[in-house]
Amino acid sequence: MNRINEQYIYFLNNKDSLVKEYPGKFLVISDKFEVFAFESKEEAYIFGVKTFGFGNMLIQECSESAISKVRKFHSRVYCK
């Protein structure tokens, strides 16, 4: 299983507590399952790339409806 899938499974397994602690935030989840919260996806992206590099972290919106908003990229792409 690749790291992004493992990080997403970590989010799913801990969704209830994460949503309670970080409602409406954008989370960066590292390959060591460290969680960092940001107000915007742009802030999360900049932090994640500078800190962990491309493909080494998951950026996940932290909300009940976030489960249906999964996007997977296989290149160095950023979408606004």
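The values are calculated or read from the model by the stated rules, or taken from the named source; none is laboratory data. This is a predicted model, so every value here is computed, not measured. Methodologically, a virtual Cβ is constructed for each residue, glycine included, from the backbone with ideal geometry; neighbour enumeration extends over all protein chains shown. Ligands, DNA and RNA are stripped out before the accessible areas are found, and what is left, the full protein with its side chains, is counted by its heavy atoms. Shrake-Rupley method; radii C 1.70, N 1.55, O 1.52, S 1.80 Å.
For Ala37, the criteria (1) assigned to a helix (DSSP H, G or I); (2) touching a residue at least 24 places away in the same chain (Cβ under 8 Å) hold in every case but one, which is (1).
Among the residues making up the stretch 23-40, those that are within 12 Å of the chain's Cα centre (by Cα) and within 16 Å of Ser65 (Cα to Cα) are Lys25, Phe26, Leu27.
Taken over the stretch 44-54, residues that are closer than 22 Å to Glu64 by Cβ and open to solvent by 40 Å² or more (accessible area, probe 1.4 Å) amount to 0.
Residue by residue, here is whether (1) open to solvent by 50 Å² or more (accessible area, probe 1.4 Å); (2) within 12 Å of Glu61 (Cα to Cα); (3) touching a Ser or Thr at 6+ places or on another chain (Cβ under 9 Å) holds:
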residue	(1), (2), (3)
Glu6	yes, no, no
Ile9	yes, no, no
Glu21	yes, no, no
Phe26	no, yes, yes
Ser30	no, no, yes
Phe33	yes, no, no
Glu42	yes, yes, no
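Scanning the stretch 1-34 for residues that are touching a residue at least 12 places away in the same chain (Cβ under 8 Å), of a type in the set (Val, Ile, Thr) and not in a strand (DSSP E or B) turns up Ile4, Val19. Under the condition of being closer than 18 Å to Asn5 by Cα and not in a loop (DSSP other than H, G, I, E, B), the residues counted in the stretch 50-70 number 9.
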